[in-house]
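Q: Sending over a structure as C-alpha cells; questions will come in a sec.
The values are calculated or read from the model by the stated rules, or taken from the named source; none is laboratory data. Just so we're clear, the structure is a prediction, and the values are computed from it rather than from any experiment. All Cβ positions, even for glycine, are placed from backbone atoms using ideal geometry, and neighbour counts span all protein chains on display. The area values use the complete protein model at the heavy-atom level, side chains included, leaving out ligands, DNA and RNA. Shrake-Rupley method; radii C 1.70, N 1.55, O 1.52, S 1.80 Å.
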Amino acid sequence: MPLYSFQCPDCGKETELLVAFGDTPSCPACGSVAMKRLLSRVAPHANADAAGTPCAQAARDGALASFSPSECRGCACH
Ligand SMILES: [Zn+2]
C-alpha cells in the first residue's frame, strides 16, 4: 500500500498513513474521516520557478521597484 501524507481539517494534525486505494483514512488524533490527502511535499522546482519569475530577475538586477505585484505572478516577493 502506498504511504500518503494527510492533514486532518478538524484538528490540523498531519500524519502519514498507509492507505489502500479507495480506503478512507481516519485521523489518529481525533478520529475524523475528513482527512485531506496532501500533495507531495517534495517540490524541487518551487525555488527554481520563483527564481525564474520576472520580478525575481528584477530583484537581482535591483529593478524590483519598477514591477507591480500584478506582474509578479506566482512568487511572494511583494
Ligand atoms: Zn484530527
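Q: So GLY12 ticks every box in (1) part of a loop (DSSP other than H, G, I, E, B); (2) open to solvent by less than 70 Å² (accessible area, probe 1.4 Å); (3) at pLDDT below 75 but one. Which box is left unticked?
A: Condition not satisfied by GLY12: (3).
Q: Give the residues of segment 15-32 that are at pLDDT below 90 and over 12 Å from MET1 (Cβ atoms), sorted by residue number.
A: THR24
Q: Being over 12 Å from ARG37 (Cβ atoms) and in contact (Cβ under 8 Å) with a residue 24 or more places away in the chain is the filter here; which residues of segment 1-27 pass it?
A: ASP10
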